[in-house]
1. Among T65, T216, what is the fewest-to-most ranking by other Cβ atoms within 10 Å?
2. Which whole-number percent gives the relative contact order of region 1-101, counting Cα pairs below 8 Å spaced six or more residues apart?
3. For the pair V51 and E161, what calculated FRET efficiency results from E = 1/(1 + (r/R0)^6), where r is the Cβ-Cβ distance and R0 = 30 Å, to the nearest 0.05?
4. Calculated FRET efficiency, S14 and D146, Cβ-Cβ r, R0 35 Å, to nearest 0.05?
5. Quick one: F21, F125, fewest Cβ neighbours within 10 Å first, how do they rank?
6. Fewest Cβ neighbours within 10 Å first, please rank S22, S82, S217, S107 accordingly.
7. Please identify the trypsin sites (Lys or Arg not before Pro) of region 35-136 that satisfy two criteria: DSSP loop assignment and at most 15 other Cβ atoms within 10 Å. Which are they?
8. Apply the Karplus parameterisation 6.51 cos²θ - 1.76 cosθ + 1.60, with θ equal to phi minus 60°, to every residue of region 75-81 and state each ³J(HN,Hα) to the nearest whole Hz, in sequence, with x for glycine and proline.
Amino acid sequence: MANSSKSFASNMISLHLWILFSFGIIKCFVFDTQIKDMHKYTTIVIVLFSVYFFIYLWFWNSYLTRNEIICGNYDFNVAAYSTIVPYLFVYGLGMLLVQQFPGWIRSFSNTFGLTFIRMGGYDEFIKDYVNYSKSTQEESQGEVSDIYKRIYENPTIFINELELDDEAVFMNHLRQVKFDTSDPKKINNLKKFINMKNSIGTFIWMALFSIITILTSQNTLLSQNCSKKIVEQKSFNDYINTQLSNSDAHFGIENSE
């Protein structure tokens with residue numbers, strides 16, 4: 001039992017990261033590419049994953065209380081405390097701050113997320129979009145031509161400045177750089193790349209906070225006092241009977257004297 005529990009504990013983070021990785025791949029290549037305006041449902045996705053993580057953490061903590069170095073048997077109170085407190089004050093508080101300060105997500109989405117979408121064909125897409133927009137302009141000289149040239153040569157700066165929180169602001173930004181906004185397909189494809197980039201940033205924060213939560217939770221498990229059964233009921237009854245017999249014998253000797 002103890003060796004088995006130790007083995008599961010050592011694999012707890014690895015298994016969680018594989019599940020998170022799979023969840024992230026599905027989010028990027030299924031939800032972000034197939035669902036229109038997926039950014040509107042980001043909070044729902046985070047909540048669903050957070051519910052999964054809570055159940056995952058509770059399950060393993062409940063199992064690990066059976067380990068001899070922790071409780072030796074299932075202890076609901078220890079499992080609950082070791083799950084709820086780290087979950088709320090590490091993972092929950094951390095993800096709340098990430099949602100309140102979007103700049104935290106950009107620190108990863110504009111680096112790792114950007115690298116991810118460039119491998120997924122973003123550079124080719126934006127260059128095609130630039131050429132398409134140029135073809136719709138009656139005059140592409142001077143300032144307009146210079147804007148297209150800068151975006152064409154360095155497409156990463158352009159997408160890092162775009163946000164999907166406000167549709168009007170997003171469309172206005174495209175018009176300011178003279179991008180054609182008459183083709184809904186191209187607009188939606190651009191949104192998909194932005195969603196994927198932001199998803200990577202969000203999932204990196206999820207991974208960091210969940211790993212810290214797991215480590216904190218396991219440390220809490222090891223420091224808790226368990227409600228252990230001192231002895232089994234039969235052994236306890238035998239012990240009481242023995243003590244009573246000894247007491248009777250002792251008092252019998254004293255009375256005979």
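1. T216, T65
2. 29 percent
3. 0.35
4. After rounding to 0.05, the efficiency reads 0.10.
5. The fewest-first ordering by Cβ neighbours comes to F21, F125.
6. Starting with the residue having the fewest Cβ neighbours, the order is S22, S107, S217, S82.
7. Loop-located and lightly packed - K36.
8. 10, 4, 4, 5, 4, 5, 5
Quick note: the coordinates plus some simple rules give every number you see, no bench work behind them. Because the structure is a prediction, the values reported are computed rather than measured. Every residue, glycine as well, gets a Cβ built from its backbone with ideal geometry; the counts of neighbours run over all protein chains shown.
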